[in-house]
Amino acid sequence: MNIEKKPTAAEWMPLLDPSQIAVVLVNTSHPGNIGATARAMKNMGLTQLILVDPEDFPSGAATARAVSAVDILENARVVDTLEEAVADCGLIIGTSARSRKLPWPMLDGESCADKVFREHKTNKVALVFGREDSGLNNEELQLCQYHVQIPTSPECSSLNLSAAVMVITYEIAKRARQQENAVKLPEDDFWDQERATAEENERFFEHLEKVMIAIRFHDPENPRQLMQRMRRLFGRIRIDVMEMNILRGILSNIEWHIKTREERKVPPRGATIEQLEEQMSQEKT
Ligand code: SAH
């Protein structure tokens with residue numbers, strides 16, 4: 001009798017550490033989709049599911065659709081907000097069926113898988129999926145550093161939620177399994193420092209906004225898209241923890257200088273964003 005031992009998930013995909021990669025579902029309405037997502041994840045060797053404010057969970061419908069992936073449902077973390085879900089992540093990738101007003105760095109399925117694979121050992125990764133009816137809203141998309149759009153027929157561009165999870169996680173598993181046969185990764189894939197986490201980035205954006213208001217560059221009554229642009233900029237650069245300390249230090253020093261100027265009653269100088277935009281539009285004409 002030929003009793004061949006079935007390989008474990010770790011043996012099937014030894015170069016991926018599933019504890020570092022979370023699938024995050026935001027405000028899902030149909031529990032069946034949560035179950036189908038768990039199943040797709042287990043098919044692809046992933047384990048970490050985070051549910052942000054699900055409408056109906058736990059649920060028999062989710063358990064039924066999960067089939068042999070009930071353990072993923074049982075271990076799923078349920079949180080109230082997306083901020084909480086991604087707080088400890090250094091790479092946050094949002095998925096969207098359509099392009100948004102302010103263009104964001106885009107990845108396709110393969111380049112997303114490549115990035116996740118290369119970075120997941122040093123940064124926790126969140127793959128964020130939206131509501132069945134309306135997807136992710138702009139604030140949620142802006143918490144992500146990259147967006148992924150799965151190319152689809154324009155006549156029917158939106159995938160079922162768990163089908164989208166399937167495609168993205170399939171690409172990641174495929175990439176991780178390919179690597180076994182490939183040569184060493186190029187040097188630039190390794191970064192000496194960890195990237196700042198979502199929580200550290202949020203604290204930085206709050207600090208940056210406060211300082212930009214204090215130096216009168218930013219008017220919260222007329223915010224335009226300044227903070228979104230700052231999020232996009234720093235998301236593109238992906239600052240590491242050391243760079244984050246430097247930036248926070250600069251901001252604190254600016255605050256210190258503002259305070260001493262105020263004490264000496266010296267009026268602030270410099271241009272506001274309105275003046276800069278006006279100057280740029282005049283230069284163009
Ligand atoms: N009507 C919604 C679609 C929501 S589909 C919209 O226009 O955004 C539910 C979720 O599945 C989406 O939020 C996204 O996470 C994922 N999804 C669906 N189609 C996708 C596609 N083509 N590319 C990437 N993600 C997709």
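Here are some notes:
- Potential lengthening between K5 and R248 on full extension [0.36 nm per residue; Cα-Cα distance subtracted]: 82.1 nm
- Hypothetical label at Q279: residues of region 202-237 whose amide nitrogen lies under 15 Å (7 Å Cα-Cβ projection): 216-218
- Considered as an equivalent ellipsoid built on the Cα gyration tensor, region 198-284 has semi-axes of 22, 21, 11 Å, the largest given first.
- What the phi angles of region 60-66 give under the Karplus curve with 6.51, -1.76 and 1.60, with θ = phi - 60°, is a coupling list of x, 5, 5, 4, 4, 6, 6 Hz, glycine and proline written as x.
- The 3J(HN,Hα) values that the Karplus relation (6.51, -1.76, 1.60; θ = phi - 60°) gives for region 30-47 are, in residue order, 9, x, x, 5, 5, x, 5, 5, 4, 5, 4, 4, 5, 3, 9, x, 9, 9 Hz. Gly and Pro appear as x.
- Note on region 32-142: dipole from Cβ charges, positive end direction compared against G90, V116, T37; the farthest Cα belongs to V116.
- Estimated FRET transfer efficiency (A64, S29; beta-carbon r; R0 22 Å; 0.05): 0.85
- Relative contact order (percent, whole number), the chain, Cα cutoff 8 Å, 6+ residue spacing: 20 percent
- Along region 149-163 the Karplus relation, 6.51 cos²θ - 1.76 cosθ + 1.60 evaluated at θ = phi - 60°, assigns HN-Hα couplings of 10, 7, x, 9, 4, x, 6, 7, 8, 9, 8, 4, 3, 6, 5 Hz to successive residues, with x for each Gly and Pro.
- Residues with amide H under 5 Å from that of C89, placed H, sequence gap 5 or more: A198, E199
- Virtual spin-label span in nm between R177 and C156, 7 Å along Cα→Cβ: 2.7 nm
- Rounded to the nearest 10 degrees, the inclination of helix 241-264 to the longest alpha-carbon principal axis of the chain is 20 degrees.
- A dipole drawn for the chain from +1 and -1 charges on Cβ atoms has a positive end, and of I172, N75, S162 the residue lying farthest that way is I172.
- Applying 0.36 nm per residue to the separation of N43 and T260 and subtracting their alpha-carbon distance, the gain on full extension is 72.1 nm.
- Residues whose amide H comes within less than 5 Å of that of T28, counting only those at least five positions distant or on another chain, are V52, E55 (H built at 1.01 Å from N in the peptide plane).
- Positive-end extreme of charge dipole, region 198-284 - chosen from H207, M230, I250 (charges on Cβ): I250
- For the chain, the pair-distance distribution built from all alpha carbon pairs, in bins 5 Å wide starting at 0, is 1, 5, 11, 14, 15, 14, 12, 9, 7, 5, 3, 2, 1, 0, 0, 0, 0, 0, 0 percent.
- Computed extension gain for D53 through N75, at 0.36 nm per residue and net of the alpha carbon distance, reaches 6.4 nm.
- Considering only the chain, percent of DSSP beta bridges that pair antiparallel, nearest 5: 10 percent
- Simple point charges give the picture: +1 on the Cβ of Lys and Arg, -1 on the Cβ of Asp and Glu, and for the chain a dipole about the Cα centre of about 400 debye.
- Placed amide H near F217: partners under 5 Å, 5+ positions off or other chain: none
- Non-local lysine pairs in region 89-210, meaning eight or more places apart or on different chains, with alpha-carbon distances under 19 Å, amount to 6.
A short reminder: the numbers here are calculations on the coordinates, not readings from a lab. In this text, all values refer to a predicted model and were calculated from it rather than measured experimentally. Cβ coordinates were reconstructed from backbone atoms using ideal geometry, including for glycine residues, and neighbour counts include every protein chain displayed.
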